[in-house]
Amino acid sequence: MSSRRTLLRAAAVAVVALLVLGACSSKTSKKAAKAQTLKLKVGLLFTTSGEGGDLAQAVLGATKLAADDAAKKKVSIEFAEADYSGDPKLIAKTVGSLKGKVDAVVVGTPDPAVLPSLDGISDVPVIHTLIGRDDLTKRNNVFSLSASDSLEAEKMADYLVNVRKYRRIVLITDTTEFGRTGKDVVEKALRDLNVEPRLSLTFSPGGDIHTSVAHAGQVNADAVILWVFSPSEAARIVVEAQHMGFAYQIVLSGNLATSTFAKNASAQVTPVAFRDGMLSVGPWAGPWFNLSRIVGFYTRFQTQNSAQAPVQAAAFYDAVAVLAKAARDQGGTTGQDLIAGLEKIKNFEGVGVPISFGAQAHEGIGLDDLGMYGFTKDQESAGGHYFPDVDTGGGFFSIVQGSLDLPRQYRFLTPKE
């Protein structure tokens with residue numbers, strides 16, 4: 001009996017010893033992983049031509065800045081550039097060039113035509129920065145730093161109806177997939193506020209826009225919401241409204257806050273057209289955040305690229321920065337490591353709004369992170385001093401403070417309407 005007890009006791013001691021050694025070994029390996037430089041290869045899907053082509057420099061410049069910063073935290077990032085040159089026929093081949101060769105993909109194009117090809121990538125995280133389709137993040141490996149269409153529509157409707165007190169609102173959309181989606185979400189957002197659109201008009205890209213612009217004026221619209229895929233098409237409508245002398249507020253879907261729109265539209269309209277500003281909606285950075293890191297990013301971008309960054313550049317930087325953090329936190333760069341790491345991200349501060357993900361929440365942008373941009377000839381308008389000094393080439397996008405959900409201690413910043 002005594003001999004048996006001795007054997008059992010010895011076995012128990014051996015098991016405990018093995019468990020302790022295993023725990024120590026695990027802790028040691030994790031420490032070793034955190035001490036070593038991790039190597040991460042990120043695919044950049046973008047276009048240098050067509051819609052979104054004007055953002056190519058921002059994609060490349062902003063992601064390089066993020067890689068430079070990640071290197072300081074022992075995450076070495078190599079990029080695989082995938083440019084489909086605005087040609088729909090090249091999308092599948094371009095996306096295919098990334099499969100099995102990268103640890104993650106950052107999508108720096110606004111074109112939803114890339115989505116079917118991206119469905120073929122399921123083993124590594126895919127982060128969208130410009131496409132806001134509501135069903136975008138249903139796939140387990142897909143994350144978004146772009147506000148969803150429904151959130152943008154809700155913010156837009158809330159500002160127009162509850163702040164501006166508009167009731168006569170006309171919606172103009174194009175016949176693209178983007179326009180059809182926008183039509184549905186904007187109409188719903190307005191109806192949720194008990195406002196029925198006076199008109200909901202559509203046009204074909206490159207086709208007649210005179211009829212829609214005139215019809216909106218004939219019903220004495222307070223505001224016209226443009227939800228169209230192409231900034232150049234939106235610019236045509238703005239110019240037409242100006243030439244016809246209509247004074248309704250022009251409101252833009254978030255994808256139109258670009259230098260392409262600004263240059264095309266503002267070059268042909270008189271300063272009086274900017275009296276109330278042409279508005280757009282998108283993520284913003286509030287005055288309680290660390291402004292030095294936000295404005296500092298745009299300053300660094302301009303220094304290194306000899307060009308001013310568009311507002312969207314913050315999302316390109318953050319997509320790479322958040323991947324680097326996920327890799328470092330997990331101590332690995334496999335697709336599984338990165339997806340698990342991203343789902344643990346809470347209130348990550350890159351250079352845009354704080355980012356949070358979860359196992360069932362792959363949208364990094366929330367309603368409180370959205371504000372309206374007012375397009376002005378200068379930055380002297382309210383909110384300009386809280387927004388990076390980014391000249392589009394034809395004017396500035398400045399934060400409209402009245403559109404923000406400010407914390408109580410900062411509500412004094414919002415002028416009473």
Note to self: So, R0 is 51 Å and r is the distance between the beta-carbons of residue 113 and residue 408; what FRET efficiency does that work out to, to 0.05?
What the structure shows: 0.70
Notebook entry, point to check: Quick one: if you stick a label point 7 Å off each Cα along the C-beta vector at residue 334 and residue 175, how many nm between them?
Noted result: 5.0 nm
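If the chain between residue 303 and residue 138 were fully stretched, how many nm would it gain, using 0.36 nm times the residue separation less the Cα-Cα distance?
55.6 nm is the gain from fully extending residue 303 to residue 138.
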Item checked: Solvent-accessible area of residue 180 with every protein chain in place, 1.4 Å probe, in Å² to the nearest 10 -> 130 Å²
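Are there trypsin sites (Lys or Arg not before Pro) in the range 51-143 that DSSP puts in a loop and that have at most 16 other Cβ atoms within 10 Å, and which ones? Mind showing how you got there, number by number?
Details: sites: 64, 72, 73, 74, 89, 93, 99, 101, 133, 138, 139; in loops: 72, 73, 74, 99, 101, 133, 139.
Here the trypsin sites (Lys or Arg not before Pro) that fit, given the DSSP loop and packing criteria, are 72, 73, 74, 99, 101, 139.
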Margin query: Modelling each spin label as a point 7 Å along the Cα-to-Cβ direction, I'd like the residue 220/residue 76 distance in nm, to one decimal.
Written below: 7.0 nm
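Quick check for you: with a 1.4 Å probe and neighbouring chains kept, what is the accessible area per residue of the range 114-164, in Å²? List each step's numbers first, then the result.
Details: 1670 Å² over 51 residues.
Here the per-residue accessible area is 33 Å².
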Item checked: Relative contact order of the range 61-194, defined on C-alpha pairs under 8 angstrom at six or more residues apart (%) -> 15 percent
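I'd like the FRET efficiency for residue 89 and residue 360, computed as 1/(1 + (r/R0)^6) with the beta carbon distance as r and R0 of 25 Å, rounded to 0.05.
Working: r = 36 Å, r/R0 = 1.46.
E(calc), rounded to 0.05, equals 0.10.
The values are calculated or read from the model by the stated rules, or taken from the named source; none is laboratory data. A quick note: this is a predicted structure, and the numbers were derived from the prediction, not measured. Note: ideal-geometry Cβ built from the backbone for every residue, glycine included; neighbour counts use all protein chains shown. Please note that ligands, DNA and RNA were not included when accessible areas were found on the heavy atoms of the full protein model with its side chains. Shrake-Rupley method; radii C 1.70, N 1.55, O 1.52, S 1.80 Å.
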